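Just so it is clear, none of the values below were taken in a lab; they were calculated from the coordinates. All of these numbers come straight from a predicted model, not from anything done at the bench. Because the Cβ atoms are built from the backbone with ideal geometry, glycine has one as well, and the counts that use them run over all protein chains shown.
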Amino acid sequence: MNVTDLQTELILYAKSIGVDKIGFTTASPFIELKNRLRRQQELGYQSGFEEPDIEKRTEPLQLLEQAESIIAIALAYPSKMKDAPLGKKGERRGIFCRASWGVDYHVAVRERLQLIEAWLRERVPDVKIKSMVDTGELSDRAVAERAGVGWSAKNCSIITPEFGSYVYLGELITNVPFAPDQPMEDECGECRLCIDVCPTGAIVEGGQLNAQRCIAFLTQTKGFLPDEFRGKIGNRLYGCDTCQTVCPKNKGKANWIHEEFTPDPELAKPLLEPLLTISNKEFKAKFGHVSGSWRGKKPIQRNAILALAHFKEQQAVPELLEVMKKDERPVIRGTAAWALGKIGGQGVREALLAAKEREQDMEVLVEIDKGLALLTEIE
């Protein structure tokens, strides 16, 4: 079979296994990306979660000898939730970002890539392949952009005309010389809504993100959240969708396509208080299949405490007092102390002062003092 026919058949096969978009590009180096990544590194804008070796991120031949082309795929995920529960006084809820609704996308995208891999191996005896999704060396967005899947938007997402930016991306490097697709024209135009409404000013300019200020990144950190961001994360437990939800190109893109990505409303918008005392076993059983669980329960619990403070949820005070008193983890104890100062209420000052007497951890003591100072402002 010649390469043109193989490519045509592969596109049809990809659609049949639930791939919403497929594109092809060469395996030549990503020169512009290399320069951009070096600049990001110099400015200290990286998250630390990405592959540190810029050469590996931008030179496909370093990842696969004889690489000729890269296949990029995209799967659309929902932007809207049916029957979303409403939080109310006494029953406050947090929210996971849309990319963490339904089954973990790493699993879903990897399954499709493995099927494509098997399909190619059947038809090309000496085929060489390396596939990856999100945690691989290559930049998913740079590959998708060059393969014509969508354009690279000001909010640092890939926007597709059909599904907006609500797409999961993956790619497969191969030694098969597929014909490359044309990159898409940038359609952001003069719009800068995503830059203007970013809660922390993380989008420095169109296409440039300071990951250290991005709420999506901050919700995944395990230490104390810096003070300046505590009032900004609202009730977000994992991730942030603001720069997507305000985007005009996402208007009307519900994307109820794949059953596996349909959110369970009670998991996507869970009650906050039960999260404070959830065990590791319970957390894994309940949230283990969603991508937002990858850092474990600690960041989620810390964010749940901050969300209760955001709501000034008086009913959570007894639970927070218990957490401050008994939790073994300094970050959780300290965040609870800060939250109690933010919420206030009967007996809180006495409890904070008592905690100050018994606490041994210096960082927690700092948070207790912050809580007492906040309490003074309320009173």
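Relative contact order for the stretch 37-158: what percent, with Cα pairs under 8 Å and sequence separation of 6 or more? Before the final figure, lay out each step's value.
Details: 71 pairs, mean separation 37.0, N = 122.
About 30 percent, as a whole number.
When only C-alpha pairs under 8 Å and at least 6 residues apart count, what is the relative contact order of the chain, in percent? Show your work: numbers first, answer last.
Values: 681 pairs, mean separation 74.0, N = 379.
Dividing the mean separation by the residue count of the chain yields 20 percent.
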Furthest towards positive pole of dipole, 175, 155, 63, structure part the chain, Cβ charges
155
Give the calculated FRET efficiency between residue 362 and residue 9 to the nearest 0.05, with a Förster radius of 41 Å applied to their Cβ-Cβ distance.
0.05
With bins of 10 Å, the percent of all Cα-Cα pairs of the stretch 72-177 per bin from 0 is 13, 37, 28, 14, 5, 2, 0
Descending principal axes extents, the stretch 1-136, alpha-carbon based, whole Å
64, 43, 18
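Please arrange 176, 127 by how many other C-beta atoms lie within 10 Å of their C-beta, fewest to most.
Numbers: 176 21, 127 13.
Ranked by crowding around the Cβ, least crowded first: 127, 176.
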Average projected area of the Cα convex hull of the stretch 193-378, in nm²?
11.9
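For a 32 Å ceiling on Cα separation, which of these pairs sit above it: 15/56; 56/82; 82/281; 21/154?
From the list (15/56; 56/82; 82/281; 21/154), the Cα-Cα distance tops 32 Å for 56/82.
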Taking 32 Å as the cut-off for C-alpha to C-alpha distance, list the pairs among 89/249; 297/356; 80/232; 232/356 that go past it.
89/249
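Contour minus end-to-end for residue 251 and residue 46, with contour as 0.36 nm per residue of separation and end-to-end as the Cα-Cα distance?
Numbers: separation 205, 0.36 × 205 = 73.80 nm, distance 2.95 nm.
Full-extension gain reported as 70.8 nm.
Could you tell me which of rounded, prolate or oblate describes the stretch 131-186, using a ≥ b ≥ c as the square roots of the eigenvalues of the alpha-carbon gyration tensor, with rounded for a/c under 1.5 and, failing that, prolate when a/b is larger than b/c and oblate otherwise? The partial results should precede the final answer.
Working: a/c = 2.14, a/b = 1.32, b/c = 1.62.
Judged from the Cα gyration tensor, the stretch 131-186 comes out oblate (a/c at least 1.5, b/c at or above a/b).
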Quote the charge dipole size of the stretch 193-378 about the Cα centre in Debye, to the nearest 20; the model charges only the Cβ of Lys and Arg (+1) and of Asp and Glu (-1).
280
Among 162, 328, 367, 260, which comes first, second and so on when ranked by fewest other beta-carbon atoms within 10 Å?
328, 162, 260, 367
Label assignment, Cα Rg over 2.2 N^0.38 Å derived from the structure, set (i) 0.97; (ii) 1.10; (iii) 0.91:
(ii)
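Normalised by the residues of the stretch 10-99, what does the relative contact order come to in percent, with Cα pairs under 8 Å and at least six apart?
Numbers: 70 pairs, mean separation 33.9, N = 90.
About 38 percent, as a whole number.
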How far apart, in nanometres, would the label points at residue 86 and residue 38 be if each is projected 7 angstrom from Cα along the Cα-to-Cβ direction?
5.5
Just to be sure I understand the model, the point goes 7 Å from the Cα along the line to the Cβ. What's the resulting residue 127 to residue 2 distance in nm?
2.0
Could you tell me which residue out of 43, 262, 332 lies farthest along the dipole of the chain toward its positive end? Charges go on the beta carbon: Lys and Arg +1, Asp and Glu -1, centred on the Cα centre.
332
Calculate the length of the line joining the C-alpha centroid of the stretch 171-231 to that of the stretch 33-68, in whole Å.
16
